[in-house]
Amino acid sequence: MNKPIDRTKSNLHIKEKKKQDSKIAAIKNERKKIRNDLISNANLIFGLDNGSTGTISCINKVDGTISFMKTPSRVELDYTQDIKYINRIDVVELKKWFETNISLMKDDNRFIIVILERPMKNPTRFEQSISACRAFEATLIVLEELNLKYIVIDSKQWQHYFFGKNTTNIDLKLESMRKGLDVLNKNFKKQYNEISEIIKNHGDADSLLICQYIIDQQLQR
């Protein structure tokens, strides 16, 4: 003979599930509101291509200038037993870069947003994932020390915006470089010669496009 179903436990489980879903929805809504407020008001926009071998950008909307450079990093011996070397974020130089760009705008006219790419976490690419997460955490420490607000986006968000949803058969680095040079020529002509060389030598303009993606989102609101 089958045991009768315990309706009390079942109902409690349903109530707990609804309560949890409601809590998650509230957190997501609050995140969305904070994100929208930050994006709408920002006039000093930092974009960081995740990792220790990418680039970092800052667009100052007040004076119409851009700062673009390779991510400051250093090479040192790995912390594992293997004799090999790794790249790490140079947090001292990264902090100085933030402080320099922030100091160029007056306090009462400054609204800062930092855009970070969500780091890769892929079990099949363990070493790359560890490196990405290590760089992400180092960056967060710098932002916390400077008390800077940030949002995290997936790389596909800005890539799909600029290159379309089907990016499987395109060379993303090459397209990033081309589009970055176009944006630079259109919006920052006075700095084109200087920054275009850095973009060409590096091979992409990911961090610049991250900044431009946010600016375009502002225009669409």
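Readers should treat all values here as calculations from the given coordinates under stated rules, not as data from a laboratory. Since we're looking at a predicted model, the values are computed, not measured. Note that we place each Cβ from the backbone using ideal geometry, even for glycine, and neighbour counts take in every protein chain shown.
Under the simplified labelling scheme, the Arg88-Thr124 pair shows an inter-label distance of 3.1 nm, with each label point 7 Å from Cα along Cα→Cβ. Compute the distance in nm between two label points, each set 7 Å from the Cα along the Cα-to-Cβ direction, one at Asn41 and one at Asp63. Once both label points are built, they end up 2.3 nm from each other.
Here the contact order of the chain, divided by its residue count and restricted to Cα pairs under 8 Å and six or more residues apart, works out to 23 percent. Take 53-64, 113-124, 16-27 and order them by the average number of nearby Cβ atoms within 10 Å per residue, most first; the result is 53-64, 113-124, 16-27. The structure shown yields Rg and Dmax of the Cα atoms in Å, and of the options [x] 21.5, 84; [y] 23.2, 76; [z] 25.0, 98 that calculated value carries the label [x]. The Lys15 and Thr53 beta-carbon pair, evaluated with R₀ = 45 Å, returns a calculated FRET efficiency of approximately 0.35.
For the chain, the 222 nm mean residue ellipticity estimated from helices alone, with every DSSP H stretch of n ≥ 4 adding -39500 (n - 2.57) and the total spread over all residues, rounds to -18000 deg cm²/dmol. Label segment 115-197 by shape, choosing from rounded, prolate and oblate, from the square roots a ≥ b ≥ c of the eigenvalues of the Cα gyration tensor; if a/c is under 1.5 it is rounded, and otherwise prolate applies when a/b is larger than b/c, oblate when it is not. Cα axes put segment 115-197 in the oblate bin.
Shape analysis of segment 158-221 places it in the oblate category; the axes a ≥ b ≥ c from the Cα gyration tensor give an a/c of at least 1.5, with a/b not above b/c. Please state the shape class of segment 15-135: rounded when a/c is under 1.5, otherwise prolate if a/b exceeds b/c and oblate if not, all from the C-alpha gyration tensor. Verdict is oblate for segment 15-135. Peptides 130-140, 93-103, 165-175 ordered by packing proxy, namely the average of other Cβ atoms within 10 Å per residue, highest first: 130-140, 93-103, 165-175. As a calculated quantity, the FRET efficiency between Lys23 and Phe111 at R0 = 25 Å, using C-beta atoms, amounts to about 0.25.
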